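The values are calculated or read from the model by the stated rules, or taken from the named source; none is laboratory data. These numbers come from a predicted model, not from an experiment. Don't worry about glycine lacking a Cβ; one is built from the backbone with ideal geometry, like all the others, and counts go over all protein chains shown. We work out accessible area using only protein heavy atoms, side chains counted, and drop any ligands, DNA or RNA first. Shrake-Rupley method; radii C 1.70, N 1.55, O 1.52, S 1.80 Å.
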Amino acid sequence: MNSLCKLPNSLISYLLSSSKSNYYSTCNSEEGSRLLKDYATREFNAFLWISLVTITALLLEKVFKLFRLWAKARRITGPACTSFFGHKNFGSRWNFIDLLSELHNKYGSVFKLWLGPTQLLVSIKDPELIKEMLLKAEDKLPFTGKAFRLAFGRSSLFFCSYDQAEKRRESLALQLNEKLLGRANVIPKYVIDCVMERLDEMSKGVVDCKMVSQHMAFTILGTTLFGDAFLAWSKANFYEELLMMIAKDASFWASYRVTPFWKQGFWRYQSLCTNLKYLTQDIVQQCRKNCKLFHHVDQNSNDETVKYGMKAASGMPTSGDVLQDKFSREIDGHHNLREEPCGNIMGMMFHGCIATAGLVTNILERLVTNPEIQDKIYSEIIIVRQGSMKDAENVDKMVLLLATIYESARLVSPGPLLQRCSLKDDLRLKNGVIIPAGAVLVVPVHLLQMDDASWGSDASKFNPYRFLSKVGKVSDSEQDNSFTEVSEGAVDLTRSSFILNDPNDNAAFLPFGSGTRACVGQKFVMQGVATLFASLLERYEVRLQPGLGNDPKSTGPEIVFVRRSSQKNE
């Protein structure tokens with residue numbers, strides 16, 4: 001009887017047929033159990049085969065991309081890599097810069113290095129090729145984005161795709177550039193007074209150059225973004241310390257391939273980041289309250305002067321409308337995305353402080369080591385100040401001061417390498433080189449801005465006169481002679497007709513980057529720093545303190561601010 005029993009060949013047929021009471025009644029339970037086992041085995045085997053095919057397809061795709069990367073990279077010159085894991089022994093970052101310099105001398109303006117089997121680095125030194133590359137390569141490196149997100153949270157302004165950041169960057173650039181229009185100075189006088197009064201306290205002793213530069217940059221940027229309430233904010237010093245502390249450790253925690261949730265140090269770091277976000281929200285609220293108070297008081301009320309030159313919120317003109325007009329509304333309107341506008345704000349504070357503080361530090365160092373330039377700038381400031389009331393505060397007339405700022409920015413850039421990548425598309429440069437998608441593109445900014453081919457035989461020397469030219473030149477030889485006269489001090493710059501050259505006319509000038517990802521606030525920063533130094537050098541002479549600089553706690557040269565004799569009786 002059992003020999004005549006035929007089992008269904010699928011589980012569905014078995015389940016459907018089992019509902020018929022008389023059908024398969026002769027089939028015992030063992031045969032039904034065997035059917036279920038056979039079905040489970042077939043289905044499991046099918047799952048394994050599908051998984052195997054899928055994984056194989058993914059691996060083949062990876063291998064195809066890898067061979068495609070190797071094939072395209074072979075067309076780019078560079079040193080041979082003897083290890084499958086790439087060139088690894090680079091030493092410190094400055095040793096790496098020296099290595100890039102040697103390889104550029106050997107292989108030309110474009111060469112490659114393998115950092116690993118799938119990590120290709122391409123270094124470019126030719127200014128015209130760099131300009132083209134920075135226009136086409138719109139992506140940031142994934143590692144940089146990870147470090148930023150761990151520190152400051154999500155950001156739609158810095159480390160996302162350029163398509164997402166483009167409108168925000170254009171909007172921010174428009175607001176900053178509008179502040180340049182119709183103004184002699186982009187930083188209000190009372191903000192400068194606040195910084196100068198703080199320097200009055202510091203001028204009683206020796207100060208650390210980098211620390212005072214960081215504080216000045218933080219104050220200027222804070223008032224620009226947050227408004228006048230920033231000057232009276234009691235937590236400003238703590239915010240500055242916390243921001244620098246977080247930025248210092250961001251790269252360390254981002255270096256882990258897997259976020260180290262199991263380490264206590266990581267959670268302490270995340271706690272600091274959370275505190276920074278709360279402080280950011282706090283100053284936004286203070287900024288908003290100050291703005292509301294300002295609109296409800298008499299515009300002609302008397303100003304009240306308080307410690308460090310800070311004035312009552314009701315009497316101060318509103319200067320920090322960048323944040324009030326943009327990010328504060330986002331915090332109100334997108335509660336669930338609160339970290340994004342906070343990430344934008346903290347990113348602006350971090351990048352702005354790092355770049356501005358580095359520039360201010362280098363200017364101070366150049367001034368104390370070149371006192372003759374400092375004296376000429378002081379004479380230039382006095383002549384402009386003694387002009388008409390309209391131009392008394394206009395730093396655009398102080399061409400040597402601006403040239404000194406440009407030259408300081410050229411000699412010490414914010415970072416030794418400018419990094420970009422194109423994650424989706426290959427880059428075809430006009431010299432015929434094709435750079436595969438995903439390659440790390442680096443520009444050795446330090447080498448480029450010290451290159452004799454772009455800056456002349458004195459490229460490594462501090463010479464602000466390279467950004468000046470005399471009015472009315474009729475020939476290049478005459479211009480060169482005048483330039484030499486000025487640089488040697490034979491011509492009194494403050495009594496001659498000189499104009500400031502646009503530094504961006506030289507493609508090798510990259511302290512603020514270039515192309516689609518260039519710093520949107522570079523003009524604003526330059527004008528702001530010029531305003532700061534015009535007031536600083538009018539009141540103080542900056543000197544290098546002899547016999548010091550060996551303090552292990554010091555982060556830079558020790559300097560002193562000596563109040564000028566014309567200011568002592570004021």
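With r defined as the distance between the Cβ atoms of LEU423 and GLU197 and R0 fixed at 45 Å, what FRET efficiency is calculated, to the nearest 0.05? Given R0 = 45 Å and the Cβ-Cβ separation, E is 0.40.
Calculate, for SER454 and ILE55, the FRET efficiency according to 1/(1 + (r/R0)^6) with r their C-beta to C-beta distance and R0 41 Å; round to the nearest 0.05.
On the way: r = 51 Å, r/R0 = 1.25.
After rounding to 0.05, the efficiency reads 0.20.
Ordered from largest to smallest accessible area (heavy atoms of protein chains, 1.4 Å probe), the residues PHE498, PHE266 come out as PHE498, PHE266. The length gained on full extension between ARG42 and ALA518, counted as 0.36 nm times the residue separation minus their Cα-Cα distance, comes to 165.4 nm.
Across region 145-269, Cα pairs under 8 Å and at least six residues apart give a relative contact order of 29 percent. When the residues THR516, THR82, THR41 are ordered by accessible surface, computed with a 1.4 Å probe over the protein chains alone, the sequence from largest down reads THR82, THR41, THR516.
Using 0.36 nm per residue and subtracting the Cα-Cα separation, the extra length available between TYR256 and ARG74 on full extension is 62.5 nm. For the set VAL443, VAL368, solvent exposure ranked by accessible area (probe 1.4 Å, protein chains only) runs largest to smallest as VAL368, VAL443. Test of understanding: extend the Cα→C-beta vector of SER83 to 7 Å, then name every residue of region 105-123 with backbone N under 17 Å from that spot. Zone members listed by number: 113-121. Label positions at SER161 and LYS461, each projected 7 Å from the Cα along the C-beta direction, are separated by 5.1 nm.
Round to the nearest 0.05 the FRET efficiency obtained for MET244 and THR369 when R0 = 25 Å and r is the Cβ-Cβ distance. Given R0 = 25 Å and the Cβ-Cβ separation, E is 0.45.
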